[in-house]
């Protein structure tokens with residue numbers, strides 16, 4: 001299933017195709033009459049170049065993908081490009097027997113190291129036989145129609161972290177931080193900053209005892225609060241009074257519920273625990289980063305609906321060791337291919353029968369153990 005980001009990119013490509021295809025078709029028809037005269041081809045390219053205001057480079061290739069003109073650009077031509085073999089380039093791999101025009105995927109250009117795309121239009125003779133290709137390179141930044149702001153699709157996403165951390169997960173244990181010792185006071189202070197002083201985004205770094213905040217009045221800069229500031233309610237005097245933002249989609253009553261869940265996720269298990277959590281009251285997104293370095297991003301409503309049972313179940317900290325080992329064994333017996341599939345699918349949020357009825361955080365522990373085992377096979 002395509003994401004909104006992919007749909008946005010596809011729409012921009014449709015805009016570019018419509019913009020570029022037909023002018024190149026006219027030029028390809030003109031070039032077809034002089035394919036055996038490179039100097040005339042270059043003259044056509046040079047004369048036409050001013051009409052292609054978004055174009056970076058123009059060149060012609062023969063039917064084998066060998067460049068038979070120099071590369072023409074705004075202020076001249078590149079003699080070193082003559083006879084360049086472009087046949088193996090990604091933009092030459094389209095089915096040109098059935099398609100006369102192709103717009104490549106974006107790539108980083110070799111020379112300028114900039115995001116670029118290449119349009120290829122076939123050149124055919126009067127008998128409709130393919131006799132060459134017109135190549136046109138564009139700097140992605142200079143093309144029109146690519147400046148629409150992409151809007152994030154706010155759905156639950158799970159992202160795995162550093163494999164080095166995951167492999168040593170069960171050898172670590174949560175250490176009580178200064179923020180842990182003062183967590184209720186920290187949440188109380190953050191409540192005031194959000195409700196009365198214009199903070200719209202805040203991130204709690206529980207393990208390193210700091211908070212980063214962003215304010216409505218100055219959204220391009222963040223403030224870093226250490227425990228010295230977080231233990232001093234007078235810091236509220238440093239920020240102007242602002243009513244709870246009318247842009248917020250998170251109800252005020254749910255802020256404290258979210259903080260309470262943060263607290264429970266921090267203390268519920270000594271091995272897998274919350275290292276950092278954030279809340280954005282404008283887009284309503286919650287982010288969670290656990291000790292296994294796995295991260296979750298999800299809407300606040302979904303976070304609250306899942307509750308602690310989703311993450312820990314009724315007795316996650318005391319999961320039956322036999323059930324734990326039996327689950328790993330039953331999965332492993334299905335072979336490496338299935339284990340690979342389950343690990344990848346679990347990251348994408350898919351459900352598997354062997355994990356049914358097991359709390360999400362225990363599922364994560366089981367999958368982490370499987371990843372450790374599969375490292376033997378260079379997973």
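The values are calculated or read from the model by the stated rules, or taken from the named source; none is laboratory data. Model, not experiment: these values are computed from the prediction. Counting neighbours? That spans all protein chains shown, and the Cβs are built from the backbone with ideal geometry, glycine included.
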### Task
Within segment 53-72, work out how many residues are out of contact with any helix residue (DSSP H, G or I) (no Cβ under 6 Å at 6 or more places or on another chain), buried (at least 18 other Cβ atoms within 10 Å of the Cβ) and over 15 Å from residue 132 (Cα atoms).
3
### Task
For segment 344-367, name all the residues that are modelled with pLDDT of 80 or more, outside any loop (DSSP other than H, G, I, E, B) and in contact with a helix residue (DSSP H, G or I) (Cβ under 6 Å, 6 or more places away or on another chain).
346, 354, 355, 363, 366, 367
### Summary
Pairing a residue in segment 40-69 that is at positive phi and in the same structural domain as residue 20 (by TED's automatic domain parsing) with any residue that is surrounded by fewer than 21 Cβ atoms within 10 Å (Cβ to Cβ) and outside any strand (DSSP E or B), where Cβ atoms lie under 7 Å and the two sit 6 or more apart in sequence or on different chains, gives 65/86; 65/87; 65/92
### Query
Considering 94, 102, which residue is under 27 Å from residue 13 (Cα atoms) and either in a loop (DSSP other than H, G, I, E, B) or touching a helix residue (DSSP H, G or I) at 6+ places or on another chain (Cβ under 6 Å) (or both)?
94
### Query
If you go through segment 196-224 one residue at a time, how many are closer than 30 Å to residue 246 by Cα and surrounded by fewer than 17 Cβ atoms within 10 Å (Cβ to Cβ)?
9
### Task
With the condition kept exactly as written, say whether any residue in segment 263-270 is within 16 Å of residue 183 (Cα to Cα) and buried (at least 20 other Cβ atoms within 10 Å of the Cβ).
yes
### Query
What do you reckon, is residue 253 over 23 Å from residue 366 (Cα atoms) and either modelled with pLDDT under 90 or part of a helix (DSSP H, G or I) (or both)?
yes
### Message
Being surrounded by 15 or more Cβ atoms within 10 Å (Cβ to Cβ) and either modelled with pLDDT under 75 or part of a loop (DSSP other than H, G, I, E, B) (or both) is the filter here; which residues of segment 17-46 pass it?
### Response
35
### Summary
Pairing a residue in segment 344-356 that is within 15 Å of residue 296 (Cβ to Cβ) with any residue that is in a loop (DSSP other than H, G, I, E, B), where Cβ atoms lie under 6 Å and the two sit 6 or more apart in sequence or on different chains, gives 347/160
### Query
Can you tell me which residues in segment 227-252 are loosely packed, with under 13 Cβ neighbours inside 10 Å and touching a residue at least 12 places away in the same chain (Cβ under 8 Å)?
233, 240, 241, 243, 247, 252
### Message
Can you confirm whether residue 123 is in the same structural domain as residue 23 (by TED's automatic domain parsing), over 37 Å from the mean Cα position of the chain (by Cα), under 30 Å from residue 10 (Cβ atoms) and assigned to a strand (DSSP E or B)?
### Response
yes
